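The structure under discussion appears below in the form of structure tokens.
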Amino acid sequence: MAYSIAIDGPAGAGKSTIAKIVAGKLGFIYVDTGAMYRAIALYLTRNQIEGTDEAAVAAAMDQVEVSIRHEEGEQIVLLNGERVNHLLRTEEVSRMASVSSQIAAVRTRLVELQRTLARTTDVIMDGRDIGTVVLPDAGLKIYLTADAHVRALRRYKELTERGEPCDLEAIEQDIIERDHRDMTREISPLKKAEDAVEVDTSAMTIDEVAERILALYRERRQTA
């Protein structure tokens, strides 16, 4: 029977980084649900569709095919057959994803694919509503969080290392606003599942966070 680990939390908490490490150590498939929402956001941005225009976004879903495959342990995101991993981490796409992901048609389209993946193989999946909506029966649920300023510093470092101009204060404000949108949206708001373990990464190293989750996993499997 397939086993699933759900990792939820706000932007910049380190979900993707940690999930990749844990997946590698356990031999699980890593599913970056955020990248799937970003792929749709990229399509909307390219086609100048407003993320708040529910009717237009819903109509666009008939023109969008998002799929994933894995090559040597790496998740490859395909948008209408085009490999788009390198286009998904811009601030423009991030902002669009935060808005468009609130639309029911977008979430319905992607949740179906995510659940199908979890039924067929051992997965570790991260996002905003994995433990509460997508995989409510996940064997282990983690709520990964960190102070907003710490998350902004991480994002600032990531962007500057890629040579992208950015402003730390603006990034922190955007994170705060994104948290508010994610936590107050009508459909699948970001919240900690009742049976999730909260892990605050503000003062932890990546290795420490990964080991904490691995320890929780081993504990759950031993008591199952």
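The values are calculated or read from the model by the stated rules, or taken from the named source; none is laboratory data. Values in this document were obtained by computation on a predicted structure and should not be read as measured data. Every residue, glycine as well, gets a Cβ built from its backbone with ideal geometry; the counts of neighbours run over all protein chains shown.
Data overview
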read-out	value
Qualifying position, being assigned to a loop (DSSP other than H, G, I, E, B), at pLDDT 95 or above and surrounded by 16 or more Cβ atoms within 10 Å (Cβ to Cβ), among A152, A210, A138	A138
Region 104-125 residues that are over 24 Å from D53 (Cα atoms), paired with ones that are among the acidic types (D, E) (beta carbon under 9 Å, 6 or more apart)	M125/D32
Matching option when the condition is buried (at least 20 other Cβ atoms within 10 Å of the Cβ), within 30 Å of T223 (Cα to Cα), out of contact with any Leu (no Cβ under 9 Å at 6 or more places or on another chain) and hydroxyl-bearing (S, T, Y), among T145, T120, T132	T145
Conditions (1) part of a loop (DSSP other than H, G, I, E, B); (2) of a type in the set (A, V, I, L, M, F, W, C); (3) out of contact with any helix residue (DSSP H, G or I) (no Cβ under 7 Å at 6 or more places or on another chain); (4) at pLDDT 95 or above; number of the one not met by I49	(3)
Residues that are buried (at least 21 other Cβ atoms within 10 Å of the Cβ), in a helix (DSSP H, G or I) and not hydroxyl-bearing (S, T, Y), drawn from region 23-33	A23
Enumeration of residues in region 62-98 that are surrounded by 15 or more Cβ atoms within 10 Å (Cβ to Cβ) and in a strand (DSSP E or B)	V66, I68, Q75, V77, L78, L79
Count of residues meeting criterion [within 30 Å of A203 (Cα to Cα) and either touching a Pro at 6+ places or on another chain (Cβ under 7 Å) or not hydroxyl-bearing (S, T, Y) (or both)] in region 7-63	27
Hey, Y37 out of contact with any Gly (no Cβ under 7 Å at 6 or more places or on another chain), under 24 Å from I187 (Cβ atoms), crowded, with 19+ Cβ neighbours inside 10 Å and not hydrophobic (A, V, I, L, M, F, W, C) or not	yes
Yes/no for A170 being under 17 Å from the mean Cα position of the chain (by Cα), among the small types (G, A, S) and within 29 Å of I103 (Cβ to Cβ)	no
Qualifying residue in region 166-181 (condition: in contact with a Leu (Cβ under 6 Å, 6 or more places away or on another chain) and assigned to a helix (DSSP H, G or I))	no
Options A55, A118, A59; residue that is assigned to a helix (DSSP H, G or I) and in contact with a strand residue (DSSP E or B) (Cβ under 6 Å, 6 or more places away or on another chain)	A118
Residue satisfying all of: in region 99-113; part of a helix (DSSP H, G or I) and among the hydrophobic types (A, V, I, L, M, F, W, C); surrounded by the most Cβ atoms within 10 Å (Cβ to Cβ) among these	V106
E158 being part of a helix (DSSP H, G or I), of a type outside the set (A, V, I, L, M) and surrounded by fewer than 19 Cβ atoms within 10 Å (Cβ to Cβ)	yes
Residues located in region 82-98, provided they are of a type in the set (A, V, I, L, M, F, W, C) and under 17 Å from L110 (Cβ atoms)	V84, L88, V93, M96, A97
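Okay, residues lined up against (1) modelled with pLDDT under 95; (2) acidic (D, E); (3) within 28 Å of G163 (Cα to Cα); (4) touching a Cys at 6+ places or on another chain (Cβ under 7 Å):
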residue	(1), (2), (3), (4)
A2	yes, no, no, no
F28	yes, no, no, no
E74	yes, yes, yes, no
V84	no, no, yes, no
S101	yes, no, yes, no
